[in-house]
1. Given the criterion touching a Leu at 6+ places or on another chain (Cβ under 9 Å), more than 16 Å from ligand 2 (Cβ to nearest atom) and in contact (Cβ under 8 Å) with a residue 12 or more places away in the chain, identify the matching residue among F221, F176.
2. Where in region 10-114 are there helices (runs of 4 or more DSSP H), lying wholly inside it, with at least 3 residues that are free of Cβ contacts under 8 Å to residues at least 40 places away in the same chain and either of a type in the set (G, A, S) or in contact with a Cys (Cβ under 9 Å, 6 or more places away or on another chain) (or both)?
3. Scan region 202-215 and give yes if some residue there is in a helix (DSSP H, G or I) and over 28 Å from E124 (Cβ atoms), otherwise no.
4. Search region 181-209 for residues that are in contact (Cβ under 8 Å) with a residue 40 or more places away in the chain and pair each with any residue that is among the polar types (S, T, N, Q) and more than 12 Å from ligand 2 (Cβ to nearest atom) when their beta-carbon atoms are under 6 Å apart and the residues are at least 6 apart or on different chains.
5. Mind listing whichever residues of region 185-213 are of a type outside the set (S, T, Y), touching a strand residue (DSSP E or B) at 6+ places or on another chain (Cβ under 8 Å) and either open to solvent by less than 50 Å² (accessible area, probe 1.4 Å) or away from ligand 2 (no atom under 16 Å from the Cβ) (or both)?
6. Against the condition more than 16 Å from ligand 1 (Cβ to nearest atom), open to solvent by 90 Å² or more (accessible area, probe 1.4 Å) and either modelled with pLDDT of 85 or more or outside any helix (DSSP H, G or I) (or both), how does I258 come out, does it pass?
7. Mind listing just one residue for me: the one in region 130-181 that is open to solvent by 20 Å² or more (accessible area, probe 1.4 Å) and of a type in the set (S, T, N, Q) and, of those, farthest from G112 (Cα to Cα)?
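The values are calculated or read from the model by the stated rules, or taken from the named source; none is laboratory data. All values derive from a computational prediction rather than experimental measurement. For neighbour counting, all protein chains shown are included, and Cβ atoms are generated from backbone atoms with ideal geometry for every residue, glycine included. SASA here: full protein model, heavy atoms, side chains in, ligands and nucleic acids out. Shrake-Rupley method; radii C 1.70, N 1.55, O 1.52, S 1.80 Å.
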Amino acid sequence: MKLSIIVPIYNEEKIIPELHRRIIKSAEVITDDYEIIFVNDGSKDNSIFQLQSIASSHKKSFYINFSRNFGHQIAVSAGLDNCKGDAVVIIDGDLQDPPELIPELYKKHKEGFEVVYAKRENREGESLFKKISAKFFYRTLSSLTSIDIPLDTGDFRLIDKKIVECLKQMPEKNKFLRGQISWIGFNQTAVYFNRDKRKYGKSGYPLSKMLSFAIDGITSFSDKPLTFVTRTGIFLSFFSLLIILYAIFSHFILKETITGWTSLIISSMFIGSVQLVSVGIIGEYISRINNNVLDRPLYIIKETNIL
Ligand code: UDP
Ligand code: MG
């Protein structure tokens, strides 16, 4: 099989017919030997019925139906576990990633690149908050990690079978595919595109999901937050020691008893919040260790037409 196209689907019923049509058109520019794998990630609308009817009328289309919503990264991982192509395209199911770019990605792959990612030049119709938070996130991430995660790049990309095999050997439960793929290496290049706006439905990434995705990215690829906590701790202990010495000195030698409620409340609030943040950061890492120790399956498939 030459080409696999993986599409995660969460509440995209309105767009599925157009999505399917446009993906087929782009795939057929490249080859007849392709497959499209839709992963229905516990959609609450009629997406699954659409996917089933598509799969029964078009022999190159397949679906995997999850038992519930497991999340975008896990949906893509399920597609990767079940695809057969020598080249594999990952594309969003809301047409924000234009399928028409796939032939261009494939061309670069033919030139010898194992990873061809699609880099967004601008994001149309997304809220100012999303644009700013995304910019901030990608820059924070790249300043925290030593590996080179490309800026402003989602999961829309083409990867070689070799990369898929490497990903399967990475058993972590908190997936951050774009980081993992950068970590794997090989020859990587970018193709630029304009990100369209969502035509129907709404984003499946509310703030809470975006935050936990961002924390997954940071905790999987950086120990710096922990180092930061330790260093702040050392600095603050040193600082407190000075204050303690001064307090003893002023009590026994200067014989001044301080009435200072202000300084007391400020220092206890400050130390309290630093401790809370520090414990929180450590907790984020521990909860991820816990997830991996539990060793549950990554996802549960309710049904599929992939043999
Ligand atoms: N998606 C998914 N599971 C989820 C949330 C989203 O499979 O829990 C899919 C969604 O159908 C889409 C892709 O992941 O194909 C990207 O999601 P979305 O467009 O909601 O994210 P955004 O573009 O707003 O970042
Ligand atoms: Mg989207």
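1. On the way: F176 fails: touching a Leu at 6+ places or on another chain (Cβ under 9 Å).
F221 is the lone residue from the list that is touching a Leu at 6+ places or on another chain (Cβ under 9 Å), more than 16 Å from ligand 2 (Cβ to nearest atom) and in contact (Cβ under 8 Å) with a residue 12 or more places away in the chain.
2. On the way: elements: 16-30, 47-57, 72-82, 102-110.
Per the criteria, 47-57.
3. Going through region 202-215, the residues in a helix (DSSP H, G or I) turn out to be 207-215.
Imposing the further condition that a residue be over 28 Å from E124 (Cβ atoms) reduces the set to none.
No; the residues of region 202-215 include none that is in a helix (DSSP H, G or I) and over 28 Å from E124 (Cβ atoms).
4. N194/N122
5. Passing the criteria: F186, N187, Q188, A190, V191, F193, R195.
6. Values: more than 16 Å from ligand 1 (Cβ to nearest atom): yes; open to solvent by 90 Å² or more (accessible area, probe 1.4 Å): yes; either modelled with pLDDT of 85 or more or outside any helix (DSSP H, G or I) (or both): yes.
Spelling it out, I258 is indeed more than 16 Å from ligand 1 (Cβ to nearest atom), open to solvent by 90 Å² or more (accessible area, probe 1.4 Å) and either modelled with pLDDT of 85 or more or outside any helix (DSSP H, G or I) (or both).
7. In this case the residue turns out to be S133.
Each row is one residue, and each column tells you yes or no for (1) buried (at least 19 other Cβ atoms within 10 Å of the Cβ); (2) within 16 Å of ligand 2 (Cβ to nearest atom).
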residue: F66; (1), (2): yes, no
residue: G71; (1), (2): yes, yes
residue: V76; (1), (2): yes, yes
residue: K84; (1), (2): no, no
residue: I91; (1), (2): yes, yes
residue: P98; (1), (2): no, yes
residue: P103; (1), (2): no, no
residue: Y106; (1), (2): yes, no
residue: V115; (1), (2): yes, no
